[in-house]
1. Please tell me if ILE75 is aliphatic (A, V, I, L, M) and open to solvent by 70 Å² or more (accessible area, probe 1.4 Å).
2. Take the residues of region 126-155 that are open to solvent by 50 Å² or more (accessible area, probe 1.4 Å) and not in a helix (DSSP H, G or I): which is farthest from SER38 (Cα to Cα)?
3. For region 78-88, which residues satisfy the criterion of being outside any helix (DSSP H, G or I) and open to solvent by 60 Å² or more (accessible area, probe 1.4 Å)?
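The values are calculated or read from the model by the stated rules, or taken from the named source; none is laboratory data. What you see is a predicted model, and the numbers here were worked out from it, not measured in a lab. When the accessible area is computed, the model is the full protein with side chains, heavy atoms only, and any ligands, DNA or RNA have been set aside. Shrake-Rupley method; radii C 1.70, N 1.55, O 1.52, S 1.80 Å.
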Amino acid sequence: MGAECYWLLFLYRTVGFVPGTPGYELKPGFEWKMKDQSGNQSLRFILEIFSLVVLGVWGWRQGEGMTGYLLGPGIPLAAAAVWWIFAVPGDPGRSGSALVPITGIFRLLLELALFALTVGVLLGLGAPASATILAAAVLVHYALARGRIRWLLRH
């Protein structure tokens, strides 16, 4: 079996379907249950707050004097605004409302981009151990949130 077959098998077993294949359907029993996700929702919240704090520290260090005082809170506020404004309508992992409705795949890419940016900022700040821990925690979060990922890929 070639590498692409293993990748497709991995997708099928974790997500429940292979996007882009004609006539794909979710496997039976692949529905996301919010009640089972409270611990993972807490982890996600901690990751989001940690990302905002790291971006604030980085912004503060980028400027001298008044510029640092503006960038320190400004960068995390901008990141939080993007996180809040762009959402998938009816997302059970959020309030369900969306100021600017986007597709699920775009939302997933937005979330991954914010976490990847935070990992990069940590590396730039000279904290490779923290960057590694954050990356691992993000991977654990998304591994536990397979149902939400499936939901986002369908919407």
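1. Numbers: aliphatic (A, V, I, L, M): yes; open to solvent by 70 Å² or more (accessible area, probe 1.4 Å): no.
The answer is no for ILE75.
2. Ranking the qualifying residues of region 126-155, first place goes to GLY126.
3. Going through region 78-88, the residues outside any helix (DSSP H, G or I) turn out to be 86-88.
PHE86, the sole residue that qualifies.
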